[in-house]
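Please treat every number below as a calculation from the coordinates, not as lab data. All values reported here derive from a predicted model rather than from experimental measurement. For neighbour counting, all protein chains shown are included, and Cβ atoms are generated from backbone atoms with ideal geometry for every residue, glycine included.
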Amino acid sequence: MTRSLADIAQALNVPAPAGAAAVNIAGLAMLTEAGETHLSFLGDKRYLPEFNATRAAAVIVQRKVPLPPDTRTPVLLVDDADLATARIATLFAPPVPRPAPGVDPAARVHPSATLGEHAAVGFNCFVGARARLGARTILHPGVYVGDDTTLGDDCEIFPNVTIRERCTVGHRVIVHANTAIGSDGFGYRWDGSKHAKIPQIGAVAIEDDVEIGSCSCVDRAKFGVTRVGRDTKIDNLVQVAHNVVLGPHCLLAGQSGVAGSAKLGAGVMLGGQCAVRDHATMGDGSMLAACSGLLDTAEPKQIVSGIPAIPHRQALREQAALPHLPELRTEVRKLHAELEELRKSLGK
Amino acid sequence: MTRSLADIAQALNVPAPAGAAAVNIAGLAMLTEAGETHLSFLGDKRYLPEFNATRAAAVIVQRKVPLPPDTRTPVLLVDDADLATARIATLFAPPVPRPAPGVDPAARVHPSATLGEHAAVGFNCFVGARARLGARTILHPGVYVGDDTTLGDDCEIFPNVTIRERCTVGHRVIVHANTAIGSDGFGYRWDGSKHAKIPQIGAVAIEDDVEIGSCSCVDRAKFGVTRVGRDTKIDNLVQVAHNVVLGPHCLLAGQSGVAGSAKLGAGVMLGGQCAVRDHATMGDGSMLAACSGLLDTAEPKQIVSGIPAIPHRQALREQAALPHLPELRTEVRKLHAELEELRKSLGK
Amino acid sequence: MTRSLADIAQALNVPAPAGAAAVNIAGLAMLTEAGETHLSFLGDKRYLPEFNATRAAAVIVQRKVPLPPDTRTPVLLVDDADLATARIATLFAPPVPRPAPGVDPAARVHPSATLGEHAAVGFNCFVGARARLGARTILHPGVYVGDDTTLGDDCEIFPNVTIRERCTVGHRVIVHANTAIGSDGFGYRWDGSKHAKIPQIGAVAIEDDVEIGSCSCVDRAKFGVTRVGRDTKIDNLVQVAHNVVLGPHCLLAGQSGVAGSAKLGAGVMLGGQCAVRDHATMGDGSMLAACSGLLDTAEPKQIVSGIPAIPHRQALREQAALPHLPELRTEVRKLHAELEELRKSLGK
């Protein structure tokens, strides 16, 4: 599965280096790890030393990076090296092994369930009553799809995922291995002697183009739905609690958590291990830095950080001041003493 | 599946509004989302604007909320709107799809295992040697129950849960999808050249009325048992390490973690993403606020917060002072200069 | 399954107490829980009261602990009570129930896959094309092993684990229930209208003697591999992102997370709920304390803590000073007033 450098240049719509038709590329690699059949990439001048030493057959280079005049490695100049690399990676991506279209003989599909054209239900999958899978949607082995749950077209659900009953999943949604969607939200009321369970009678609605990582949880709503907006991407081990509303185009990094009924606008970003409190709101384009905890509100486009989260600039100022706190105590004590001394010397 | 408003009033043991027998309710909804066949609820005067604008057929209202005198929406006055709503939700809860009583032909149940009356072992479940399931206990598809593990009556174990060997689960226990119970605790000893594994030969004991969320872990003990007390509720993605003892009626919110041998008393509450250090203790009714880390001890009924956790009031005081730290540095510098100047002007 | 105290002394290579041949030990227990057929252990003088009150048949005692002169409980004196206890625990460890060697009739093994001698593929496992399992490697029920993935000898993979295609797992590797290995890394590029997925075409390489807990995630690399070094031990609910390199002998405690392309050297330790930022590096033997977040670099052997992480001693100094911050503000205000007063009294 090699491609000529000329083909790659064409795929990126950039001029091909001299002799590119004769250069065969077998794959992508980091500058330091690339061999003579690899294409590599350079997006920042910090990595010029690695670029100068690379054995790569050719390198995708961000146009603004100043190359040494004597560069001999063939380069493909692009506006965005990351995006170009991502595009080329697609060319070299080995095919993901997938169950064949149709229903595996070891799967259990309820007679009332409906499957779109070329949908694939893998080994040991369970598909409940009245469930619907769109065209070309793929369930890898061991997936559970509950009664009345619908998946759109071109979805891919990886092994051992659980999607419980009455959930709605859009088109082109990817869910990675061992994730749980539609479990009961965490809701109880103390009834005087024990925690009475509040029934979670709602569901989950996942819109088009969403991707959810492994071992993540999206709980069903108390009533109504927990919503994951279009094109929102969720990493591994993320908690999305009941009645949360995530807008479109959000990014939730690993191990972040959004508590009950919180609302995130469009394009919100959560860093790793963030927490958003129940009923908190985050405006469009706002961002919560990694390891932070938001108690109430982030304004649109605002960057907040810390526990509890405050405007990021202010958090940085406090952080910068904190190391001086011990010396500050000493100074204040000294000032006290000096003032005392001065007073004494003046007989006051 | 509609119910008359009169029936609902009766279920709550409150007076029915006029004409309630003729009002049919199809379900519950938030004030802003409710339509003409929905029942909604109002628990706080903050939501009076939503109440005034709601299209709901009727609203459950917390008695203490001052309603406008011209309210036309039929209301059901209750002492605790949340609890009342939870009760009514039960009436409207769609049935959870469950495997039929008996053993699914695609399940594997060891001949020496015993099943109580009406127990249900779903598609592709595995039940090991000498395992016991109580009456009406349900295993959803893909559940693993190891040898010698016992589950009491009326348990419900959701898809793809793993409960390993020699564990004990009480009555009415719910475990949500993709959770792992009884995995080895994390224990090693450096033997001079590598980490020697400390065998984890204990087990897990889960008492009655416990509920555990999705993708959570309760590890088996080094020896003895890791214990989850009666009526304790555990959210998603929670870690309960080996030899932990959780008292009865605890609430552990999402992504919290309790390290080895820590002991939590009765009714302890952990906020989301909390950490409790190994061998730490928390007294009855104590509480660790979200995103906090407890190093040693929380006294009974004490609320602690921060990393490391300190009494919550003190943490709030420090938090309130922190934004003033940068200006404090400036002030101290200024004081210094002024004192210096004064001294100079006095010739000291 | 009892053992004589004499046998146990011999296994530890220490002198047997008088009459040890006639003392039968049935198992290990904590000092406070031990009965007359239990062996217990004492590693620290803090637990002398429990030792004095124990009913244990005998106790493994760390040599340096000063025992009361009238001790009657038979003791086994050792240099390292924890290590000795771990060794003895192995003697009493009940056997883990395992699928029998060979392929369970309910498993699906691709004809092109190869299995080493005495390898065991349990109920409902899936093993893909060209996958290889080493000798005596065990797949518990419901495990998924993707195409072209190889596992070495003597591995044990617990129920419902997913290991996706093209991954490499060494010898004697243990993976606990419900963990996901080889899922796509979290990588997108904004293409002007949506998050374009960056194909994750690399894989995961797990070296010999690694152990990974439950509900943890090790993502496949963008390209190249995500690497988990020899003898590294990973707890539950841990995130290891794409292109991370973990050195040998690392310990990652529960709910910690390592973001993309971070590099950890040999013997690095992460406390519970730690976060390591993408591209950060940690030198050999460095340590990140629990609940901390590392932004950039930890030097070899350095202990760092806090969010963001700083040298641990400095973090402790700041922590110690923080409670004085509110009073410091008061003091500075007072100094101001006093200085003002002094000036006034001097007519300055």
* So if R0 is 56 Å, what FRET efficiency would B:A53 and C:D7 give, r being the distance between their Cβ atoms, rounded to the nearest 0.05? -> 0.10
* Sequence neighbours fewer than 8 away in the same chain don't count; with that in mind, list the aspartates and glutamates whose C-alpha is under 15 Å from C:K64. => C:D44, C:D79, C:D80, C:D82
* Along the three principal axes, how long is the range B:3-92 when you take its alpha carbons, biggest first, rounded to the nearest angstrom? -> 28, 24, 22
* Structure fact -> Normalised per residue, the volume inside the convex hull of the alpha-carbon atoms of the range C:170-256 in Å³ amounts to 82 Å³
* Structure fact -> Toy charge model, Lys and Arg Cβ at +1, Asp and Glu Cβ at -1: the range C:54-210 dipole around Cα centroid in debye, rounded to 20, equals 300 debye
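Thinking of chain A as a set of Cα atoms, what percent of all their pairs are more than 25 Å apart? Don't skip to the answer; put the middle values down first.
Numbers: 40022 of 60378 pairs.
So the portion of pairs separated by more than 25 Å is 66 percent.
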* Give B:K194/C:K301; A:K197/B:K222; A:K233/B:K233; A:K233/A:K301; C:K194/C:K222; A:K344/C:K344 a once-over and call out the pairs whose C-alpha atoms are over 23 Å from each other. => A:K197/B:K222; A:K233/B:K233
* Take the Cα coordinates of the range A:33-151, assign each an equal point scatterer, and use the Debye formula without solvent to give log10 I(q)/I(0) at q = 0.13 Å⁻¹. => -0.62
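Using Cα-Cα distances under 8 Å and only pairs 6 or more residues apart, what relative contact order does the range A:284-345 have, in percent? Kindly include the intermediate steps, with their values, before the conclusion.
On the way: 59 pairs, mean separation 13.3, N = 62.
Normalised by residue count, the contact order of the range A:284-345 is 22 percent.
Helix-derived [θ] at 222 nm for the protein assembly as shown: sum -39500 (n - 2.57) over DSSP H runs of at least 4, divide by residue count, nearest 500? Before the final figure, lay out the partial values.
Values: 15 runs with 172 residues, N = 1044.
Dividing the helical sum by the residues of the protein assembly as shown leaves -5000 deg cm²/dmol.
Got the relative contact order for chain A handy, in percent, Cα pairs under 8 Å and 6 or more residues apart?
Numbers: 966 pairs, mean separation 20.8, N = 348.
Contact order relative to length: 6 percent.
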* To do: Set the Förster distance to 30 Å, then compute FRET efficiency between B:A22 and B:R63 from the Cβ-Cβ distance, nearest 0.05.
  => 0.75
* Structure fact -> Checking B:R317, B:R132, B:R108 against a Gaussian network model of chain B (alpha-carbon springs below 10 Å), the top fluctuating residue turns out to be B:R317
* Of B:I303, B:V276, B:A315, whose Cα points farthest to the positive end of the dipole of the range B:252-348 (charges on the beta-carbon: +1 Lys, Arg; -1 Asp, Glu; origin at the Cα centre)? -> B:A315
* Structure fact -> The Cα extents of the protein assembly as shown along the principal axes, largest first and rounded to whole Å, are 99, 88, 87
* Structure fact -> For C:L316 and B:T297, extending 7 Å from Cα along the Cα-Cβ vector and measuring point to point gives, in nm, a value of 2.1 nm
* **Charge sum, other residues only, whose C-beta stays under 10 Å from C:A34's C-beta, Lys/Arg counted +1 and Asp/Glu -1** => -2
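Quick one: dipole size for the range C:102-313, taken about the Cα centre, charges +1 on Lys/Arg Cβ and -1 on Asp/Glu Cβ, in debye to the nearest 20.
Working: 19 positive and 21 negative charges, 106 e Å.
Magnitude of the dipole: close to 520 debye.
Averaging sequence separations of C-alpha pairs under 8 Å and six or more residues apart, then dividing by the length of the range C:210-348, give the relative contact order as a whole percent. Present the calculation step by step, with values, prior to reporting the outcome.
Values: 354 pairs, mean separation 17.5, N = 139.
It comes to 13 percent, rounded to a whole number.
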* **Cβ-placed point charges (K, R +1; D, E -1), dipole of the range C:122-186 about Cα centre in debye, nearest 20** => 80 debye
* Asked: For chain A, modelled as a Gaussian network with Cα springs under 10 Å, which listed residue fluctuates most, A:G43, A:G122, A:G152?
  -> A:G43
* Asked: Hey, how many Å between the Cα centroid of the range C:287-348 and the Cα centroid of the range C:118-189?
  -> 50 Å
* Give the residue from B:A196, B:I157, B:C215 lying farthest towards the positive end of the charge dipole for the range B:107-226; charges sit on Cβ (+1 for Lys and Arg, -1 for Asp and Glu) and the dipole is referred to the Cα centre. => B:A196
* To do: Mind checking the range B:97-193 for GluC sites (Glu not before Pro) that DSSP puts in a loop (not H, G, I, E or B) and that have at most 16 other Cβ atoms within 10 Å?
  => B:E117
* Taking the simple approach of a point 7 Å from Cα along Cα-to-Cβ for both C:K348 and A:Y188, what is their distance in nm? -> 6.5 nm
